[in-house]
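Written out below as structure tokens is the structure these notes cover.
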Amino acid sequence: MTAPLSGEAVVWNRTIPRSRLFDALSLILPTGESFVIATIEEWQRVAGSSASSALRAEVSRLIREERAHQRAHDRYNAALIKATPGAAPAAERARRVTDEIAKCSLTMRLALVVAFEHLTIVLSREILAHPDLLPDDDSAHSRMWRWHAREEIAHGHVAADVAAHHGIGRARTVLALALAATFLSLDVLRCWWALCRCDLNSGFPGWRLARDTGAFLVQGLPSFGRMTAGVLGFLAWRPKAFR
């Protein structure tokens, strides 16, 4: 993904509620990716040569790809904020939440990175395997999200390998998943509503927003169910360091 997204019409994913869900995710992703990169880089300094050369290479790839994702979403968000100035405060709130999380110990931050990566993988698999949330229509938005999803799945194991090397226990990782799911859900909902409120203020009929949101919730039930199962599946996941 190299070309920036232009300021396209707000409705790029069938309806405003669907479009704004992914717009909201994009607003919070760059700060989340910064958190992942900073945490993993700190682990690199602490681990030094104690990590295998294979793990160090995988970590370097993860950082490189996360930076590319961050650049892509920064371009996406610049176009979004230009078209919808009310998006800027929502992105700033997400940054402040991440800044608070960044005050945790390295061990807890690594556990949170594993959790955030797991949540991202669950969404990525849903995006690539099913059209319920995001159509594969070869639009700039769709191509960007699918490229991001493929790379997340490809390097998704690296954070768990880092946590295993660091000796993070399973209980801490499960706690981190609960915290990450809560933070992410609340941030996405806040950003989604902020964007929808901008649409309402611009004259989009409230009854249409309510109708389209209801339809999305009903039509998206299979996706939401599969993703919930994927998140809960983390509880049965037992890599060696977490047994």
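The values are calculated or read from the model by the stated rules, or taken from the named source; none is laboratory data. As the structure is a prediction and not an experimental result, all values here were calculated from the model. No Cβ is skipped: glycine too gets one built from the backbone with ideal geometry, and neighbour counts run over all protein chains shown. For the accessible areas, the whole protein counts, side chains as well, though only heavy atoms, and no ligand, DNA or RNA atoms are used. Shrake-Rupley method; radii C 1.70, N 1.55, O 1.52, S 1.80 Å.
Helix 170-201 and the long axis of the chain differ in direction by around 20°, with both axes built from C-alpha atoms.
By the gyration tensor of its Cα atoms, with a ≥ b ≥ c the square roots of the eigenvalues, what is the shape of region 117-231: rounded for a/c under 1.5, prolate for a/b over b/c, or oblate? Prolate is the answer for region 117-231, as a/c is 1.5 or above and a/b outweighs b/c. If you sort Ser50, Ser139, Ser34, Ser223 by accessible surface, 1.4 Å probe, largest first, the order is Ser50, Ser34, Ser139, Ser223. In the context of the full protein assembly, Asp138 retains an accessible surface of approximately 100 Å², using a probe radius of 1.4 Å and ignoring ligands and nucleic acids.
Counting protein heavy atoms only, region 97-243 has 62 percent of its accessible area on carbon and sulfur, 1.4 angstrom probe.
Largest accessible area first, the residues Cys191, Cys198 order themselves as Cys198, Cys191 under a 1.4 Å probe with ligands, DNA and RNA left out. The C-alpha atoms of the chain define a longest principal axis, and helix 53-83 lies at about 20 degrees to it. Whole-Hz Karplus values for region 120-130 come out as 5, 5, 4, 5, 4, 4, 5, 4, 7, 8, 9 Hz, taken residue by residue from phi with 6.51 cos²θ - 1.76 cosθ + 1.60 and θ = phi - 60°; glycine and proline positions read x.
Across region 218-235, rounded Karplus estimates of 3J(HN,Hα) from the backbone phi angles (6.51 cos²θ - 1.76 cosθ + 1.60, θ = phi - 60°) give 5, 5, x, 3, x, 5, 4, x, 5, 5, 4, 4, x, 5, 5, x, 4, 5 Hz, Gly and Pro being marked x. A 1.4 Å probe over all protein chains sorts Asp199, Asp74 by accessible area into Asp74, Asp199, starting with the largest. Estimated at 0.36 nm per residue, the fully extended path between Arg226 and Arg71 surpasses their Cα-Cα distance by 52.9 nm.
Per residue, the average separation of C-alpha pairs within less than 8 Å and at least 6 apart gives region 116-243 a relative contact order of 43 percent. Computed with every protein chain present, the accessible area of Leu200 is close to 60 Å² [probe 1.4 Å]. The C-alpha atoms of the chain define a longest principal axis, and helix 87-101 lies at about 20 degrees to it. Charge tally for Glu33 (other residues, Cβ to Cβ under 13 Å; Lys, Arg +1; Asp, Glu -1): -3. Take the chain with all the other protein chains still there, run a 1.4 Å probe, and you get 46 Å² of accessible area per residue.
Counting only protein heavy atoms and using a 1.4 Å probe, the accessible area of Arg14 comes to about 120 Å². Applying 1/(1 + (r/R0)^6) with R0 = 25 Å to the Cβ-Cβ distance of Arg14 and Trp193, what FRET efficiency is obtained, to the nearest 0.05? With a Förster radius of 25 Å, E is 0.85. Normalised by the number of residues in the chain, the mean separation of alpha-carbon contacts (under 8 Å, six or more apart) gives a relative contact order of 32 percent.
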